[in-house]
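Working notes, structure below.
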Amino acid sequence: MPTSAARGLLISDLNETALLSCAILQHLYIYLPLLGDLLVLRGMNNIARQVGTKIVIERFGHILEPFVHGHVAALRHAMHTNIAVITGSCAMAMMTGEVPLTNNLNSLVVHGGSNCFHTFIIETLQYRRVQHNRSPNYAFDGMCTSFAIFRQGNKYITVSEAGVEGLFKLVLSAHTTADMLFMTPGGLTLYYPSWTQQGITLANHTLVLQATGQRLGCMKHGEFQLHTNTAFLSHTCGDDCPTLWRKIADEGTHSLVLVWDIRFGMKDLIRHSNSIWRLALHCDNTYCVHHTSEDQTAVTLPPEPMPADLKTIESQATLIRARVPAYRPGIVGLLYPTRGSKGRLVPIPLRDGNRRPIHVLDLEILYWVDQLGPDPHYSATGRFRKTYNVKQDDLGTPHNFAYTFLREHPLSYPPPNEVVRTVVKGGTDAPDVAGNVLVIKRVRRHHGLIVDCTTDDVFWTNHIMQRYIHPERQHSDGTSQSQISQKAVNIRGTRIMQSGIAGQQFSQGHALHADSVHCRIVHETTAENLILEYAHLGQRGTEVHHSLHDRLGIGRVSRTTPHK
């Protein structure tokens, strides 16, 4: 088998005439078993693309054919409509080109999508359900809403339904880094690809070798070397440190996204995940700068208790400045702490491993808001933030900035926010906002451009909260707060990520603009969070939303024409 260098030399020596020959191309593809190499060659010209696409799609079909018996196209459709992915040995075989020596087809499906997928497996594929209500293995205990096993002869299909925190929490809770892969009908994503392709896999925080003795996932295969930490590198971890936070949408050395069929692509699914994760809380590699003995100024994040007043805010800012290794320069945010009378400007450093603040998730916000809750390794942060565009002031002058409000995880049980209550002047009848509120400023229409907050921004952020926290508070002249705010500032909320700001909505019972539709929050329950999540999935989401409404008996998310 040629090495990667030999394969590259072989491709470079071929002239344009040879590449135009389908026969030569088909023969060349035989020497490129890795999916990544196939896709690189496929991109050389139109003929290579035509031949390569057919070969890759055929590989996908050959892997699944023993399980579906002529229903590959139907399976692709069912996976797409129910937002399901394939993981485990079949996904690994797709990447490596090897014949999968397994009788299990392992799949994951989003919360609320299992019933339709189960029906497809039973009625179309002619499998029967053989096991109920158990977890696939100890690593996923408490993470799956449901788990089912279906059998046909000696073939098995497993379906794990994710919880409300999302599909990716299951993927990233796999026992080792080599098991953190999944594929859709048109693409595959693998985390830590360089290690995996070298036959190296690192233990995740969910792996408990001594407790069970089970050999799961890639541990069953002798070609993988399992390591419990990065000491095998014999040098510093660098950006491979298991304690560093990753975004699911990362691209580069930590994530490999391969797409062969854009009709069933996965990039949008990944881009909209808005989640962060890490492998471990501590690094055991003595060469690493993040090792406990090296990082003498390390602090536990999020802090306990959270900064709540001017004194603790200043203390926290001092810790950030004195930290070793030093943070890269970040931005200035606006914090509304739980005690005091006004918001405070606070430093927000870049998370280790990031070069510049391209996204909110690149910032180390855990100094100021606890978005982790009970899970210190994973957070669906999109559930706890919302962005508002300020379009113009009362004189019609355009305002070129937007403000993202970040809230604390409701299961961290934060105290009520005294500063926010003071800002909205709601009195005892105003709904409580729990925990700190952190505001990050960005340039409108430039999602990657995050800028510093200043004292001038307090006016705008106060108006946003006055409008959406207590919108119908009446003044002595009979004018409502929402009417006054509408005259002063034309605000449009641009996005509700999954359940918006979970637990304590800025807009309880009040219509919000979101992606040019209204979303009326009717309940603060888990079921309502689920319905709000589906409201952003287009026609399919609307159908699921109505089905959930009928089954759960709660109010629907209304979709109406936005206010002009």
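Values for this structure:
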read-out: Members of the stretch 49-70 found to be open to solvent by 60 Å² or more (accessible area, probe 1.4 Å), charged (D, E, K, R) and farther than 24 Å from residue 122 by Cα, listed by number; value: 49, 54, 58
read-out: Contacts under 7 angstrom Cβ, first residue in the stretch 59-82 being in a helix (DSSP H, G or I), partner of a type in the set (S, T, N, Q), 6 or more apart; value: 74/124; 79/184
read-out: Enumeration of residues in the stretch 152-170 that are of a type in the set (A, V, I, L, M, F, W, C) and either crowded, with 21+ Cβ neighbours inside 10 Å or at pLDDT 90 or above (or both); value: 157, 159, 162, 167, 168, 170
read-out: Any hit, the stretch 290-303, residues being touching a Lys or Arg at 6+ places or on another chain (Cβ under 6 Å) and in contact (Cβ under 8 Å) with a residue 12 or more places away in the chain; value: yes
read-out: Sole residue being open to solvent by 40 Å² or more (accessible area, probe 1.4 Å), out of contact with any Pro (no Cβ under 8 Å at 6 or more places or on another chain) and not small (Gly, Ala, Ser), chosen from 347, 357; value: 347
read-out: Leading residue by the ranking (modelled with the lowest pLDDT) among those in the stretch 299-326 that are closer than 23 Å to residue 278 by Cα and open to solvent by 60 Å² or more (accessible area, probe 1.4 Å); value: 300
read-out: The stretch 320-355: number of residues that are free of Cβ contacts under 8 Å to residues at least 24 places away in the same chain and more than 21 Å from residue 405 (Cβ to Cβ); value: 2
read-out: Selection count where residues are at pLDDT below 90, hydroxyl-bearing (Ser, Thr, Tyr), farther than 29 Å from residue 325 by Cβ and not in a strand (DSSP E or B), scope the stretch 336-393; value: 1
read-out: Residue in the stretch 226-240 that is nearest to residue 267 (Cα to Cα), counting only those that are of a type outside the set (Ser, Thr, Tyr) and out of contact with any helix residue (DSSP H, G or I) (no Cβ under 7 Å at 6 or more places or on another chain); value: 239
read-out: Unmet criterion (only one of (1) within 22 Å of the chain's Cα centre (by Cα); (2) under 28 Å from residue 73 (Cα atoms)) for residue 203; value: (2)
read-out: Criterion violated by residue 94 - all others in (1) at pLDDT 95 or above; (2) within 21 Å of residue 259 (Cβ to Cβ) satisfied; value: (1)
read-out: Condition met for residue 73 (open to solvent by 30 Å² or more (accessible area, probe 1.4 Å), more than 28 Å from residue 272 (Cβ to Cβ) and of a type in the set (A, V, I, L, M)); value: no
read-out: Pairs where the first residue, in the stretch 172-197, is more than 20 Å from residue 59 (Cα to Cα) and among the hydroxyl-bearing types (Ser, Thr, Tyr) and the second is open to solvent by 10 Å² or more (accessible area, probe 1.4 Å) and part of a strand (DSSP E or B), C-beta under 7 Å, 6+ apart; value: 176/203; 176/226
read-out: Cross-chain or 6+ apart pairs with Cβ under 8 Å, the stretch 42-55 first and under 14 Å from residue 24 (Cα atoms) and among the charged types (D, E, K, R), then in a loop (DSSP other than H, G, I, E, B) and at pLDDT below 85; value: 49/43
read-out: Candidates 189, 158 - the one that is of a type in the set (S, T, N, Q), within 19 Å of the chain's Cα centre (by Cα) and either in a strand (DSSP E or B) or over 30 Å from residue 233 (Cα atoms) (or both); value: 189
read-out: Residue list for the stretch 311-370, filter: hydroxyl-bearing (Ser, Thr, Tyr) and under 25 Å from residue 434 (Cα atoms); value: 312, 315, 336, 338, 341, 367
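Okay, residues lined up against (1) at pLDDT below 85; (2) under 20 Å from residue 358 (Cβ atoms); (3) open to solvent by 60 Å² or more (accessible area, probe 1.4 Å):
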{"residue": "190", "(1), (2), (3)": "no, no, no"}
{"residue": "202", "(1), (2), (3)": "no, no, no"}
{"residue": "231", "(1), (2), (3)": "no, no, no"}
{"residue": "271", "(1), (2), (3)": "yes, yes, yes"}
{"residue": "274", "(1), (2), (3)": "yes, yes, no"}
{"residue": "284", "(1), (2), (3)": "no, no, yes"}
{"residue": "292", "(1), (2), (3)": "yes, no, yes"}
{"residue": "296", "(1), (2), (3)": "yes, no, yes"}
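For (1) closer than 15 Å to residue 64 by Cβ; (2) in a helix (DSSP H, G or I); (3) open to solvent by 40 Å² or more (accessible area, probe 1.4 Å), each residue gets a yes or a no:
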{"residue": "93", "(1), (2), (3)": "yes, yes, no"}
{"residue": "99", "(1), (2), (3)": "yes, no, yes"}
{"residue": "102", "(1), (2), (3)": "yes, no, no"}
{"residue": "105", "(1), (2), (3)": "yes, no, no"}
{"residue": "112", "(1), (2), (3)": "no, no, no"}
{"residue": "115", "(1), (2), (3)": "no, yes, yes"}
{"residue": "119", "(1), (2), (3)": "no, yes, yes"}
{"residue": "122", "(1), (2), (3)": "no, yes, yes"}
{"residue": "129", "(1), (2), (3)": "no, no, yes"}
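The values are calculated or read from the model by the stated rules, or taken from the named source; none is laboratory data. Only a predicted model underlies this, so the values are computations on that prediction, with no experimental measurement involved. No Cβ is skipped: glycine too gets one built from the backbone with ideal geometry, and neighbour counts run over all protein chains shown. Heads up: the accessible areas ignore ligands, DNA and RNA and are worked out on the full protein's heavy atoms, side chains in. Shrake-Rupley method; radii C 1.70, N 1.55, O 1.52, S 1.80 Å.
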